[in-house]
1. Here is a list: Glu46, Glu4. Which entry is farther than 24 Å from Ile211 by Cα and charged (D, E, K, R)?
2. Which residues, taken from segment 349-367, are of a type outside the set (Gly, Ala, Ser) and in contact (Cβ under 8 Å) with a residue 60 or more places away in the chain?
3. Identify all residues within segment 508-547 that are closer than 19 Å to Ile470 by Cα, of a type in the set (A, V, I, L, M, F, W, C) and in a helix (DSSP H, G or I); write none if there are none.
4. Taking segment 274-330 only, how many residues are touching a strand residue (DSSP E or B) at 6+ places or on another chain (Cβ under 6 Å), outside any loop (DSSP other than H, G, I, E, B) and open to solvent by less than 20 Å² (accessible area, probe 1.4 Å)?
5. In segment 260-273, is there at least one residue being basic (Lys, Arg), modelled with pLDDT under 95 and either part of a helix (DSSP H, G or I) or over 28 Å from Gly96 (Cβ atoms) (or both)?
6. Could you list, in sequence order, all residues of segment 40-87 that are free of Cβ contacts under 8 Å to residues at least 60 places away in the same chain, hydrophobic (A, V, I, L, M, F, W, C) and buried (at least 20 other Cβ atoms within 10 Å of the Cβ)?
7. For segment 123-130, state whether one or more residues are of a type in the set (Asp, Glu), open to solvent by 20 Å² or more (accessible area, probe 1.4 Å) and modelled with pLDDT under 95.
8. Among the residues of segment 458-471, is any under 26 Å from Ala358 (Cβ atoms) and not hydrophobic (A, V, I, L, M, F, W, C)?
Amino acid sequence: MKIEDYGLIGDGRSCALVGRNGSIDWLCWPRFDSPACFAALLGDGENGHWLLAPDEERGGAPLVVSRSYRQNGMVLETVFETASGVIAIMDFMAMGTETPTLIRIVEGRRGAVPVLNWLVMRFDYGLSVPWVTRLPDNMGINAIAGPSRCILRCPVALHGEDRHTVSRFIVSEGDTVPFVMMHLDSHDPVPDPIDALQALRRTEQFWADWIARCTYHGDHAPAVRRSLLTLKALIYQPTGGIVAAPTTSLPEELGGSRNWDYRYCWLRDASLTLIAIMAGGYFEEAVQWRNWLQAAVAGSPDQVQIMYGIGGERLLNEWEAGWLPGYAGSTPVRIGNAAAGQLQLDVYGEAISALHLARQTRLCAITDGWRLEVGLLQHLATIWKEPDEGMWEVRGGRRQFTVSKISCWVAFDRAIRDVEKYGLEAPLDEWKAIRAEIHDTVCRDGFNRDKNCFVQYFGATGLDAGLLLIPIVGFLPPEDPRVIGTIAAIERELLDENGFVRRYIPDPEVEGVLGDEGAFIACSFWLVNAYVAQGRMEEAHALFKRLLALRSDLGLLAEEYDAKAGRQVGNFPQAFSHLSLVNTAAILSAGRITPTGAPPLPVL
């Protein structure tokens, strides 16, 4: 299936991807970053999946398949129309349960439909075949492999077929057949059964109550609400950290090697996360994210990473799952992310900008975290001139990336603003001198006079979509000729045939990997923001409308869009894409953008 043919369900601890065909092909349990027990997304059915759908071998071939989220929440309903009748399957991860619980309910809507339940449990990313036994009450099965254990309860008979768990049954109009799967440690006792229909009502009520708190009522409100719900599902509730995506190694190029593990929290997304969730009115989640951010970067300033685990973990060692053939043959399948050890100067700007934003909107006390920020800036003052791997985490060696230097400028600029506004203690004159030096350096070394634009790195001729942030973060005003020239150059050189923005033109020497990639969806939203900054509102609205059209039928976005293949690529759903959608929608509704790259936000 195409990447966009999957739907997302989650419970604030993990997520599952449910295919249009009724198969759950990806689930990491019990956390986002746990080993997958269903990994068919990156392999085949033998790597683990759970199919629940009309039985085609017994005359149940679907004629029409439609799907939607019930009550505009996070309970996915897939309706299968067959020659003999209609059934609906409701998939959700139960909210409010102590034990992580995945529930699938088959409901008969019309006639009688033969149904197939085909379960293939494979722990450790599709590698480990569990030992499966029946539960003592004979109402389900118990699957164990090492430390992992899953229990499935259902009212239909189950039997084994070649290391698969199978049931075939008929669902008639008015019938309701629940399947309840739980995850627990292998040494834990079997938990008591739960009522699937009560769990459905409780879960639907949770999501209905949550989205009812949304304060965004501008244009494109349905798209914004769906993005906010998706983002909420990507938040690890115990800590407030938000994963970049719930998947690993979905390719940026079909059949290629640009496959990365995104089940971690990126500082690159820090300020945008605050902006987007506050634009929706979700200040509790904003406070949790801000607190996660401060805890993650606490410690020695020279050990700040570009990303962390959902609990703040720092060791994200990268390895390859060689037994998985990859999505559409895209190898390798990577677990962990070696980029965690890179030097990316832009993260200092992101962290300081986010803490500045939290202070400006009163998410925290004025002085909260200030000593930490001073320590970060003292260290940044000693390293900002160094080359780094850049915001796109290239693996071809360090360079003097222009956007990295601009982000260093942002770090000092936002801190200076806070000192001047709140009287915080800091070496203000020193910081102002560094800010001015960075600005002069970028304008001198990062600008190509022959092309009349800023470039990807000092001395280069190629472009970088991150340069669209120059007027958005306030580095230069949007009417500056150098900004106008840069946006024009990006329009000439980085737009694909549909007018969406590529991050840059791939160069193996710079990136350290081969292959191509699609247009980067978040960067395309940045172009909309740049248009707003320049007052080009008609173009801004037109591009935003085209970007909305890229969403799946469920309103979900991956990381990139492949114009040639006409489909989404990259990890899915992508928080960066949905954060950018919310932010840009709010900017368009406000008709203007603030110097922090945000719509006007309320002060608590």
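The values are calculated or read from the model by the stated rules, or taken from the named source; none is laboratory data. Source: prediction; values computed, not measured. Counting neighbours? That spans all protein chains shown, and the Cβs are built from the backbone with ideal geometry, glycine included. For the accessible areas, the whole protein counts, side chains as well, though only heavy atoms, and no ligand, DNA or RNA atoms are used. Shrake-Rupley method; radii C 1.70, N 1.55, O 1.52, S 1.80 Å.
1. Working: Glu4 fails: farther than 24 Å from Ile211 by Cα.
Within the list Glu46, Glu4, the selection yields Glu46.
2. Start the filter on segment 349-367 by keeping residues that are of a type outside the set (Gly, Ala, Ser), which leaves 350, 352, 355-357, 359-364, 366-367.
Of everything in segment 349-367, those that are of a type outside the set (Gly, Ala, Ser) and in contact (Cβ under 8 Å) with a residue 60 or more places away in the chain turn out to be Glu350, Ile352, Leu355, His356, Leu357, Arg359, Gln360, Thr361, Arg362, Leu363, Cys364.
3. Once the filter is applied, which keeps residues that are closer than 19 Å to Ile470 by Cα, of a type in the set (A, V, I, L, M, F, W, C) and in a helix (DSSP H, G or I), segment 508-547 yields Ile521, Ala522, Cys523, Phe525, Trp526, Leu527, Val528, Ala530, Val532, Ala533, Met537, Ala540.
4. Qualifying residue count, segment 274-330: 4.
5. So in segment 260-273, the residues basic (Lys, Arg) come out as 263, 268.
Those left that are additionally modelled with pLDDT under 95: 268.
Still in the list and also either part of a helix (DSSP H, G or I) or over 28 Å from Gly96 (Cβ atoms) (or both): 268.
Yes: segment 260-273 contains one or more residues that are basic (Lys, Arg), modelled with pLDDT under 95 and either part of a helix (DSSP H, G or I) or over 28 Å from Gly96 (Cβ atoms) (or both).
6. Selection gives Phe80, Val86.
7. The first filter runs over segment 123-130 and keeps only residues of a type in the set (Asp, Glu), leaving 124.
Checking which are open to solvent by 20 Å² or more (accessible area, probe 1.4 Å) leaves us with 124.
Add one more test, that the residue is modelled with pLDDT under 95, and what stays is none.
Checked segment 123-130: no residue is of a type in the set (Asp, Glu), open to solvent by 20 Å² or more (accessible area, probe 1.4 Å) and modelled with pLDDT under 95.
8. First, pick out the residues of segment 458-471 that are under 26 Å from Ala358 (Cβ atoms): 466, 468-471.
When the remaining residues are screened for being not hydrophobic (A, V, I, L, M, F, W, C), the result is 466, 471.
Yes; the residues of segment 458-471 include at least one that is under 26 Å from Ala358 (Cβ atoms) and not hydrophobic (A, V, I, L, M, F, W, C).
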